[in-house]
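Following: one structure in C-alpha coordinates, then a few remarks.
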Amino acid sequence: MKRNMGKEIKDVGTLFIVIGCVFALAVIFVFGGGDSSPLGRIIDDHFIFITVGGLLCFLIGIIVRSIGKSKEAKDKDKQ
(Lines give C-alpha, C1' and ligand atoms only; values in the text may rest on other atoms or scores of the structure.)
Protein backbone atom coordinates (compact mmCIF):
# COMPACT_ATOMS: atom_id res chain seq x y z
CA MET A 1 0.00 0.00 0.00
CA LYS A 2 1.43 3.32 -1.08
CA ARG A 3 1.32 6.09 1.49
CA ASN A 4 -0.26 9.37 0.50
CA MET A 5 2.12 11.91 2.03
CA GLY A 6 -0.01 14.86 0.96
CA LYS A 7 -2.94 13.57 2.98
CA GLU A 8 -0.73 12.95 6.01
CA ILE A 9 0.74 16.46 5.81
CA LYS A 10 -2.80 17.86 5.53
CA ASP A 11 -3.81 15.88 8.63
CA VAL A 12 -0.90 17.39 10.59
CA GLY A 13 -2.04 20.85 9.50
CA THR A 14 -5.55 20.06 10.71
CA LEU A 15 -4.14 18.96 14.06
CA PHE A 16 -2.29 22.28 14.44
CA ILE A 17 -5.49 24.18 13.60
CA VAL A 18 -7.39 22.23 16.26
CA ILE A 19 -4.67 22.95 18.85
CA GLY A 20 -4.83 26.65 17.98
CA CYS A 21 -8.61 26.62 18.42
CA VAL A 22 -8.29 24.95 21.82
CA PHE A 23 -5.87 27.71 22.90
CA ALA A 24 -8.34 30.32 21.62
CA LEU A 25 -11.17 28.69 23.57
CA ALA A 26 -9.02 28.87 26.71
CA VAL A 27 -8.58 32.61 26.21
CA ILE A 28 -12.32 33.04 25.60
CA PHE A 29 -12.96 31.05 28.80
CA VAL A 30 -11.01 33.63 30.80
CA PHE A 31 -12.84 36.54 29.16
CA GLY A 32 -16.13 34.76 29.83
CA GLY A 33 -15.68 35.07 33.58
CA GLY A 34 -13.69 31.95 34.39
CA ASP A 35 -11.15 33.89 36.49
CA SER A 36 -12.41 32.47 39.76
CA SER A 37 -11.69 28.84 38.88
CA PRO A 38 -8.20 27.31 39.28
CA LEU A 39 -8.03 26.71 35.51
CA GLY A 40 -8.96 30.35 34.90
CA ARG A 41 -6.14 31.56 37.16
CA ILE A 42 -3.60 29.34 35.36
CA ILE A 43 -4.75 30.63 31.98
CA ASP A 44 -4.71 34.21 33.26
CA ASP A 45 -1.13 33.83 34.52
CA HIS A 46 0.03 32.55 31.11
CA PHE A 47 -2.25 34.72 28.97
CA ILE A 48 0.40 36.04 26.54
CA PHE A 49 1.91 32.58 26.01
CA ILE A 50 -1.48 31.01 25.33
CA THR A 51 -2.60 33.81 23.01
CA VAL A 52 0.59 33.94 20.94
CA GLY A 53 1.00 30.15 20.97
CA GLY A 54 -2.57 29.59 19.83
CA LEU A 55 -2.27 32.14 17.04
CA LEU A 56 1.02 30.62 15.85
CA CYS A 57 -0.40 27.07 15.95
CA PHE A 58 -3.40 28.23 13.94
CA LEU A 59 -1.29 30.01 11.31
CA ILE A 60 1.21 27.14 11.04
CA GLY A 61 -1.72 24.76 10.64
CA ILE A 62 -3.15 26.79 7.76
CA ILE A 63 0.23 26.90 6.02
CA VAL A 64 0.97 23.19 6.53
CA ARG A 65 -2.53 22.24 5.41
CA SER A 66 -2.18 24.21 2.17
CA ILE A 67 1.20 22.55 1.52
CA GLY A 68 -0.42 19.16 2.11
CA LYS A 69 -3.26 19.98 -0.30
CA SER A 70 -0.84 20.96 -3.07
CA LYS A 71 1.28 17.85 -2.49
CA GLU A 72 -1.86 15.69 -2.52
CA ALA A 73 -2.89 17.23 -5.85
CA LYS A 74 0.58 16.55 -7.30
CA ASP A 75 0.41 12.94 -6.10
CA LYS A 76 -2.98 12.50 -7.81
CA ASP A 77 -1.56 13.93 -11.05
CA LYS A 78 1.27 11.38 -11.01
CA GLN A 79 -1.15 8.46 -10.76
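The values are calculated or read from the model by the stated rules, or taken from the named source; none is laboratory data. Given the structure is predicted, the values throughout are model-derived calculations rather than measurements. Note: ideal-geometry Cβ built from the backbone for every residue, glycine included; neighbour counts use all protein chains shown. SASA here: full protein model, heavy atoms, side chains in, ligands and nucleic acids out. Shrake-Rupley method; radii C 1.70, N 1.55, O 1.52, S 1.80 Å.
Calculated accessible area for the chain comes out at 73 Å² per residue, all protein chains present (probe 1.4 Å; ligands, DNA, RNA ignored). For the chain, with all protein chains in place and a probe radius of 1.4 Å, 71% of the accessible heavy-atom surface sits on carbon or sulfur. Annotation for Lys69 and Phe49: the two label points, set 7 Å from Cα along the Cα-Cβ direction, are 3.3 nm apart. Working from Cα positions, state the angle (0 to 90°, nearest 10) between the long axis of helix 5-31 and the longest principal axis of the chain. Roughly 10 degrees, rounded to the nearest 10. Positive end of the dipole of the chain (Cβ unit charges, origin at the Cα centre): among Phe49, Ser70, Ser36, the Cα lying farthest that way belongs to Ser70. In this rough spin-label picture, where each label sits 7 Å from Cα along the Cβ direction, the Leu59-Ser37 distance is 2.9 nm. Quick one: putting +1 on the C-beta of Lys and Arg, -1 on the C-beta of Asp and Glu, what dipole do you get for the chain around its Cα centre, in Debye to the nearest 20? Dipole size: approximately 700 debye. Treating each Cα of the chain as one equal point scatterer and applying the Debye formula with no solvent, the log10 of I(q)/I(0) at q = 0.11, 0.14 Å⁻¹ comes out as -0.40, -0.55.
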